[in-house]
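The values are calculated or read from the model by the stated rules, or taken from the named source; none is laboratory data. Note that this is a predicted model, so its numbers are computed, not measured. Backbone-built Cβ (ideal geometry, glycine too); neighbour counts: all protein chains shown.
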Amino acid sequence: MLLQILSLFAAPTSVDAATFVIVDRAPVPGFEAQEPAASALADALEVLVGALIPPTTSARFLAQTGNATTASSKALFGDAQSEPQKFSVQLSASGAVSAETLDQANASGGSNSVPRRGIAALPGLSLTMPGRSLSFLPPKIGFLDRDQSLFTLNFMTLSIGPVARNVSLGMTTFGVGFQTDFKPASDGKPYLFRWTGVQLSSGLQYSHLSATFSTPFSQSTSGSGLNMSWEAQANVGAKSDIVSVPTTLTTGIRFLYLFHLYTGFGLDLNVGSTRMSGVTSGPITTLSGSTPVYTGTGVLDLAGDSKAPTFLTTRFILGSMLHLGPVKLFGQVAASNPKVGAMTLGLKVAI
């Protein structure tokens, strides 16, 4: 049933080459005789520009961005080591980057290119409530004991930019989850040394990331005594909409009251899509020597390509927390397949 529900959010995977067409073609008055050669040259330029970002590069870039988005979203519920029976509010920021680079020349991050790596960033605002305060819930929810569990709701939407290279980010996250003791903690005093037990956490998380950046595109070709070129500035981007079911087992130690180290393993289901976006246009220049002989407008469309994230991913996490009374500061790193690293920083107030 869960997989059927998740499949409703999944988009078909399709990756097509960028499309480039030259419209409004016309010879400059007085140079009609050049039209056949110029038209053939325009056809050749369409093929050259359309191949600037081939399907293989587009597919890998979109897959990496989608997997980075899923990795960023995993820690937004919380550190998975929340203290039992405490109400808490957490503000966090998570980022992820693919460890694999796109080696093609058209994935350099310069002109005629997409970035060399898939990158994502997401904010999170989480509210965690002890189950015993939620009397409207049944005492037993499947295998969960309401009174021994914590329930989390997170939501955040944020827009940033444009900044350098006209980069703009739009981010939205929403999720519901729970944490319960899989193995209770030891009875040691927290200010000396205490094993925190084993916590099981899971939930349903939706993440949206829209990232755009400005990049120049240019291409030229020549033949029959003519030189034809096209230049334009494009706002290229990627949009991810990912639904995940992250499941995590964590354990840790707390010592000298202030310090807390934890580690864990996660198994996640992910569906959704990451789509390429970006349309730009610019005039073509056709010269015979230094004389313009032919005009037109080149239109590049990168929209429509899409790629699904890796459906089943695993995570290894390592984190630390500093307890300052009701205020908790934590940092967490995670490594997940396929070759994605993530980092989360957060502040939590627990009462």
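Any residue at all in segment 269-292 that's under 30 Å from residue 87 (Cα atoms) and of a type in the set (Ser, Thr, Tyr)? Looking through segment 269-292, none of the residues is under 30 Å from residue 87 (Cα atoms) and of a type in the set (Ser, Thr, Tyr).
Selection of first residues in segment 121-134 that are farther than 25 Å from residue 170 by Cα and of second residues that are surrounded by 20 or more Cβ atoms within 10 Å (Cβ to Cβ) and of a type in the set (Asp, Glu), restricted to Cβ pairs under 7 Å at least 6 apart or on distinct chains, gives an empty result.
A quick yes/no check of all residues on (1) surrounded by 14 or more Cβ atoms within 10 Å (Cβ to Cβ); (2) free of Cβ contacts under 8 Å to residues at least 24 places away in the same chain; (3) not charged (D, E, K, R); (4) not in a strand (DSSP E or B):
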site	(1), (2), (3), (4)
262	yes, no, yes, no
268	yes, no, no, no
271	yes, no, yes, no
286	yes, no, yes, no
295	yes, no, yes, no
314	no, no, yes, no
329	no, yes, yes, no
345	yes, no, yes, no
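Regarding residue 299, is this residue over 30 Å from residue 198 (Cβ atoms), among the aliphatic types (A, V, I, L, M) and within 24 Å of the chain's Cα centre (by Cα)? So residue 299 does not fit the description; no. With respect to residue 333, is the statement that it is out of contact with any Gly (no Cβ under 9 Å at 6 or more places or on another chain), in a strand (DSSP E or B) and either more than 25 Å from residue 238 (Cβ to Cβ) or at pLDDT 90 or above (or both) true? So residue 333 fails the test. Test residue 173 against the stated conditions and say whether it is among the hydroxyl-bearing types (Ser, Thr, Tyr) and in contact with a Phe, Trp or Tyr (Cβ under 9 Å, 6 or more places away or on another chain). Yes. For segment 216-247: of the residues being under 16 Å from the mean Cα position of the chain (by Cα) and polar (S, T, N, Q), which is modelled with the highest pLDDT? This residue is 244. Scanning segment 273-284 for residues that are small (Gly, Ala, Ser) and part of a strand (DSSP E or B) returns 273, 277, 281, 282.
Each residue in segment 172-211 was checked for being within 30 Å of residue 53 (Cα to Cα) and surrounded by fewer than 21 Cβ atoms within 10 Å (Cβ to Cβ), and 4 pass. For residue 303, the criteria (1) without any contact (Cβ under 8 Å) to a residue 60 or more places away in the chain; (2) part of a strand (DSSP E or B) hold in every case but one, which is (2).
For the residues 286, 280, 344, 310, the requirement of being within 30 Å of residue 59 (Cα to Cα) and touching a helix residue (DSSP H, G or I) at 6+ places or on another chain (Cβ under 6 Å) singles out 310. In a residue-by-residue description of segment 275-286, the property of being of a type outside the set (Phe, Trp, Tyr) and farther than 30 Å from residue 219 by Cα applies to no position.
Among the residues making up segment 316-327, those that are of a type outside the set (Phe, Trp, Tyr) and touching a residue at least 24 places away in the same chain (Cβ under 8 Å) are 317, 318, 319, 320, 321, 322, 323, 324, 326.
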